[in-house]
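The values are calculated or read from the model by the stated rules, or taken from the named source; none is laboratory data. This one's a predicted model, so the numbers in the text were calculated from it and none came from an experiment. Methodologically, a virtual Cβ is constructed for each residue, glycine included, from the backbone with ideal geometry; neighbour enumeration extends over all protein chains shown.
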Amino acid sequence: MSALHSADTSQAAKLDPKFAADSAGSYLLDRNRIIDIGPMDEMGGDLVFLDSQTLREGHLHQVAESEFVAGPTLGVDEPVAIHITFLRDRRNQINSLRWDGDGIHNAVAKRIAPHKTESVEAHNGDVVLRGELLMPATSGRHPAIVLAHGSGPATRHVGMWNMFFVRLGMAVLSLDKRGAVNRPVIGAPLQWMISRAIGLPESRF
């Protein structure tokens, strides 16, 4: 069995949030193929990617400091189908990745669409929503979108979607859903639904 297919995702390490933030971005794998990557709190803070050509989504499991593997699709981790290694420049900044899988072997994808991130707060009475404003690094005005959460205790970290929209030249406002921060990971969605069902303030949980 090849190394690509033999990695054990059950032994994946807990991802450092700083590494997740540093590696979030868009990577040009081919002229018409871009890999958008970002952390998703609903996946425990792990990185999630979108392949613009195949529309494959994947959960990246860390198996070494800069090495990650993913299964056939999001929610299916075995067998391992993709192997990604993040690469750094002389300033120790992540500037590319090496991609192996899905018919492509050891291809280097350069990082594109640089952006800047600003912490923001939105106030309404005693309610404070915190999040991030992501802006393309290009000058001038940009169209803007606000990411609206669905059900569950979602946060600003919505996987590859922040990077996807920034790559398209948009400013992205992504907020933590009210009551979603500092919940225990296990059981958090159930607690959130119970609080909504019985009308308790979400800050109780």
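Laid out as a table, the results:
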{"item": "Residue match in the range 140-149 (condition: outside the structural domain of ASP46 (by TED's automatic domain parsing), under 16 Å from ILE37 (Cα atoms) and of a type in the set (A, V, I, L, M))", "result": "no"}
{"item": "Answer residue from the range 65-89, given it is exposed (fewer than 14 other Cβ atoms within 10 Å of the Cβ) and acidic (Asp, Glu) and is nearest to SER26 (Cα to Cα) among those", "result": "ASP89"}
{"item": "Some residue of the range 68-91 being modelled with pLDDT under 95 and closer than 20 Å to ASN32 by Cα", "result": "no"}
{"item": "Count - residues of the range 85-100 that are without any contact (Cβ under 8 Å) to a residue 40 or more places away in the chain and on the phi < 0 side of the Ramachandran plot", "result": "8"}
{"item": "Tally, over the range 40-80, of residues that are over 11 Å from SER23 (Cβ atoms), in contact (Cβ under 8 Å) with a residue 40 or more places away in the chain and of a type in the set (A, V, I, L, M, F, W, C)", "result": "7"}
{"item": "Per-region count, the range 116-138, residues modelled with pLDDT of 90 or more, in a loop (DSSP other than H, G, I, E, B) and among the small types (Gly, Ala, Ser)", "result": "1"}
{"item": "Test for GLY38: is it under 30 Å from SER139 (Cβ atoms), surrounded by 18 or more Cβ atoms within 10 Å (Cβ to Cβ) and either modelled with pLDDT of 95 or more or under 15 Å from the mean Cα position of the chain (by Cα) (or both)", "result": "yes"}
{"item": "Whichever residue in the range 50-83 is of a type in the set (S, T, N, Q) and part of a strand (DSSP E or B) and, among such residues, is farthest from LEU15 (Cα to Cα)", "result": "THR73"}
{"item": "Members of the range 84-104 found to be part of a strand (DSSP E or B) and touching a helix residue (DSSP H, G or I) at 6+ places or on another chain (Cβ under 9 Å), listed by number", "result": "PHE86, ILE94, LEU97, ASP100, GLY101"}
{"item": "Residue, modelled with the highest pLDDT, within the range 146-173, restricted to residues that are under 15 Å from ALA122 (Cα atoms) and surrounded by 24 or more Cβ atoms within 10 Å (Cβ to Cβ)", "result": "VAL172"}
